[in-house]
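Enquirer: Before we start, here is the structure in question, set down as structure tokens.
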């Protein structure tokens with residue numbers, strides 16, 4: 001059980017389903033767009049993300065084991081209630097990890113590459129970070145070990161979450177049944193998360209359960225009248241995989257060197273934050289969009 | 001590195017090559033025809049909402065566009081089957097190098113280093129000031 005690796009087991013499924021999505025799109029049976037260089041970058045990022053993770057794996061494992069040694073409770077890996085509990089707690093942890101990764105530049109620098117494709121297909125799911133270990137977000141899962149969940153259990157549940165999130169990166173599935181859309185993260189919800197339309201920014205951070213977004217006020221349904229435009233606010237004008245992996249880190253470092261007095265803002269502010277307000281953040285973009293909507297809306301008739 | 005890991009990496013690399021080849025073969029990229037003035041204006045408005053467009057120059061091959069908006073130049077360039085946009089000071093756009101009908105604009109951005117736009121001439125005589 002301790003050697004169970006959901007991501008490794010699912011890899012053949014990833015390959016087969018990408019082939020299926022491409023072939024069905026080619027035959028006109030499914031909605032999907034693939035651009036060869038974009039696909040190469042997505043799959044290349046996925047291919048080397050595991051290798052990049054090895055650089056910090058020792059630190060992550062050692063930290064988790066150390067925290068587990070000081071655990072509060074004994075949680076058996078064989079108990080069903082323990083799996084139910086870790087399912088919920090890991091998914092809640094993922095929500096906050098994901099939200100932090102979007103709302104603070106230091107962690108956005110590690111996560112942004114997942115959003116750099118202007119496409120939304122199964123290969124996009126594999127456009128994984130190379131610098132997540134360096135960003136240190138793995139520390140957010142340490143409280144689970146402190147509670148007493150065995151490290152192997154945490155790793156397995158993280159793997160299950162990652163595999164779950166693979167299939168939702170598609171335009172081929174429009175909507176799931178209503179009850180499913182209400183509870184789970186779905187292709188429709190996650191399309192919104194990958195969209196760069198101002199209305200859709202900073203929403204739907206869920207991993208498996210969409211209930212966290214509903215609970216914490218970040219849920220945004222996909223609207224038929226506003227199709228998703230994918231990518232980042234400032235799309236990349238390159239397919240250079242090194243630029244894709246490191247551009248935000250380099251941009252952040254350049255900002256800190258140029259404006260050392262405002263270093264904290266450039267590192268821990270929202271993505272797009274600037275000391276003179278000359279750049280846009282998701283907050284300013286959304287505010288401008290709301291103003292534009294209000295101006296465009298017809299004025300109510302007098303007396304009504 | 002252990003042998004099993006290297007074998008796994010080699011197999012994954014082969015699979016990635018096959019998938020990229022399949023994606024190229026399928027020709028299912030987004031249909032993106034050459035830009036015309038209306039489409040360029042529409043994209044620029046999407047990228048820079050609320051900004052006035054004083055004048056727009058569309059690339060002769062339809063793969064990009066350049067607009068003047070006050071003191072700024074709004075640059076639109078094709079990336080695969082999509083577009084990327086950046087803004088730079090107008091003076092910087094005017095002084096960009098122009099050779100053999102191609103304007104090479106340094107965007108000074110690590111994620112969008114350079115935009116190349118085909119134009120009949122540059123800078124425009126009436127707006128070069």
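Enquirer: May I ask you to verify whether residue A:84 is away from chain B (no Cβ under 14 Å), without any contact (Cβ under 8 Å) to a residue 24 or more places away in the chain and either out of contact with any helix residue (DSSP H, G or I) (no Cβ under 6 Å at 6 or more places or on another chain) or assigned to a helix (DSSP H, G or I) (or both)?
Expert: In short, yes.
Enquirer: Then there's this: How many residues does region A:213-225 contain that are at positive phi and in a helix (DSSP H, G or I)?
Expert: Within region A:213-225, residues that are at positive phi and in a helix (DSSP H, G or I) number 0.
Enquirer: Of the residues in region B:46-72, how many are over 18 Å from residue A:236 (Cα atoms) and either more than 10 Å from chain A (Cβ to nearest Cβ) or surrounded by 14 or more Cβ atoms within 10 Å (Cβ to Cβ) (or both)?
Expert: Number satisfying all stated conditions: 18.
Enquirer: Hey, another quick one. Suppose we filter region B:84-108 for residues that are at the interface with another protein chain (Cβ under 8 Å from one of its Cβ atoms) and without any contact (Cβ under 8 Å) to a residue 40 or more places away in the chain; how many remain?
Expert: 3
Enquirer: Just checking, which of A:54, A:88, A:65, A:126 is surrounded by fewer than 21 Cβ atoms within 10 Å (Cβ to Cβ), more than 25 Å from residue A:211 (Cβ to Cβ) and within 22 Å of the chain's Cα centre (by Cα)?
Expert: When all the criteria are applied, what remains is A:54.
Enquirer: Filter region A:17-38 for residues that are surrounded by 12 or more Cβ atoms within 10 Å (Cβ to Cβ) and part of a loop (DSSP other than H, G, I, E, B) and give the result.
Expert: A:30, A:31, A:32, A:33, A:34, A:35 - these are the residues of region A:17-38 that are surrounded by 12 or more Cβ atoms within 10 Å (Cβ to Cβ) and part of a loop (DSSP other than H, G, I, E, B).
Enquirer: Of all the residues that make up region A:184-212, how many are under 17 Å from residue A:114 (Cα atoms) and in a helix (DSSP H, G or I)?
Expert: Going through region A:184-212 one residue at a time, the tally reaches 8.
Enquirer: Let me ask you something else. Tell me the residue from A:106, A:14 that is under 30 Å from residue B:9 (Cα atoms), more than 14 Å from every other protein chain (Cβ to nearest Cβ), surrounded by 17 or more Cβ atoms within 10 Å (Cβ to Cβ) and at pLDDT 95 or above, please.
Expert: Of A:106, A:14, the one residue that is under 30 Å from residue B:9 (Cα atoms), more than 14 Å from every other protein chain (Cβ to nearest Cβ), surrounded by 17 or more Cβ atoms within 10 Å (Cβ to Cβ) and at pLDDT 95 or above is A:106.
Residue by residue, here is whether (1) under 20 Å from residue B:86 (Cα atoms); (2) surrounded by fewer than 15 Cβ atoms within 10 Å (Cβ to Cβ); (3) within 14 Å of another protein chain (Cβ to nearest Cβ) holds:
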| residue | (1), (2), (3) |
| --- | --- |
| A:216 | no, yes, no |
| A:252 | yes, no, yes |
| A:257 | no, yes, yes |
| A:268 | no, yes, no |
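Enquirer: Go through region B:1-24 and give me each residue that's more than 7 Å from chain A (Cβ to nearest Cβ) and within 30 Å of the chain's Cα centre (by Cα).
Expert: Answer for region B:1-24, where residues must be more than 7 Å from chain A (Cβ to nearest Cβ) and within 30 Å of the chain's Cα centre (by Cα): B:17, B:18, B:21.
The values are calculated or read from the model by the stated rules, or taken from the named source; none is laboratory data. Only a predicted model underlies this, so the values are computations on that prediction, with no experimental measurement involved. Ideal geometry is used to build each Cβ from the backbone, glycine not excepted, and the neighbour counts take in all protein chains shown.
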